[in-house]
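The values are calculated or read from the model by the stated rules, or taken from the named source; none is laboratory data. What you see is a predicted model, and the numbers here were worked out from it, not measured in a lab. Cβ placement follows ideal geometry from the backbone for every residue including glycine, while neighbour counts extend to all protein chains displayed. All accessible areas refer to the heavy atoms of the entire protein, side chains included, with ligands and DNA or RNA removed. Shrake-Rupley method; radii C 1.70, N 1.55, O 1.52, S 1.80 Å.
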Amino acid sequence: MRIPLIAGNWKMNNNVCESLSLVNNLIQLSGNFNNDVEVLVCAPFTALYSLSKLLSGSNIKLGAQNMHYEEKGAFTGEISPLMLKEIGVEYAIIGHSERRQYFNETDESVNKKLKSSFKFGIKPILCIGETLEQRENKIEKTTVENQIINAFKDIKAEDAGKVVIAYEPIWAIGTGKTATSKEANEMAGFIRNVFKKLYNEELSSQVIVLYGGSVKGESASELMNQNDIDGALVGGASLNAEEFIRIINFNQQYKKGNKEIL
Ligand code: PGA
């Protein structure tokens, strides 16, 4: 059974104090969370240690937004998977389009990072997705297929099964333009098919596929109720506790005391 995952990607937002305050708000309201979903926040490196302490014993998981593939060495400015592991970080986003676009991440570095995440026991959230131009030229599926084939080069089925894939069309990230639920579901289904070709039917039906790109409380329910979509990678809307909780509770009304939030 695929357990839905709602993951917040804070990007370069929230200093330590702001991070603690946002997560404290989430913890206070977490009694009202939809119990059927896994909740994750991917915070800036500087806040991870403090957040890890705050989150221990809670039902909210912690992730990083990037990691290097080596365990240690002369890589100025980088953070290794072991360093993340040491402080209780469970997940890492890998190959986010902003990293590919602004920090020269390539399919090769993404492949190395995936392999490293398996080696060191970090759960990877692999981001893939096409640009607007690629979609307009009708090569969005080939683009996504190639990203998957390259990312999973020389990765065995037993490891591939641990990946969370986030389909994030670049034209929908931070633009307020969400893919329609039909577009998002079609691509999620296509991703499963590619996985089936690369591995097998079982893996393709088990892999968790998220949608990301301007997900908000009001759009979450329709997106999450699509057959092939198992959750969301949420940027802007994860910076506000109540909005994030609306997404977490995509399938239910929930109440805090007498105050109806959704
Ligand atoms: P957004 O970001 O929700 O602000 O569009 C999503 C992401 O980049 O992961």
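At-a-glance table
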| read-out | value |
| --- | --- |
| Accessible area (Å², 1.4 Å probe, nearest 10) - S30 | 20 Å² |
| Column: log10 I(q)/I(0), Debye, Cα scatterers of the chain, q = 0.09, 0.10 Å⁻¹ | -0.37, -0.46 |
| Per residue Cα convex hull volume in Å³ - calculated over the stretch 158-235 | 82 Å³ |
| Normalised per residue, the volume of the convex hull around the Cα set of the stretch 130-262 (Å³) | 111 Å³ |
| Rounded accessible area of M83 (nearest 10 Å², 1.4 Å probe) | 90 Å² |
| Projected area averaged over orientations for the stretch 1-70, convex hull of C-alpha atoms, nm² | 5.6 nm² |
| Order by protection proxy (mean Cβ within 10 Å, highest first), peptides 20-26, 91-97 | 91-97, 20-26 |
| Rg and Dmax of the stretch 34-143, Cα atoms only, in Å | 15.5, 48 |
| Three-way shape label, the stretch 95-199, alpha-carbon gyration tensor, a/c 1.5 | prolate |
| Under 27 Å from K85, Cα to Cα: lysines that are on another chain or at least 8 residues apart | K11, K53, K61, K72, K112, K113, K115, K119, K123, K153, K156, K162 |
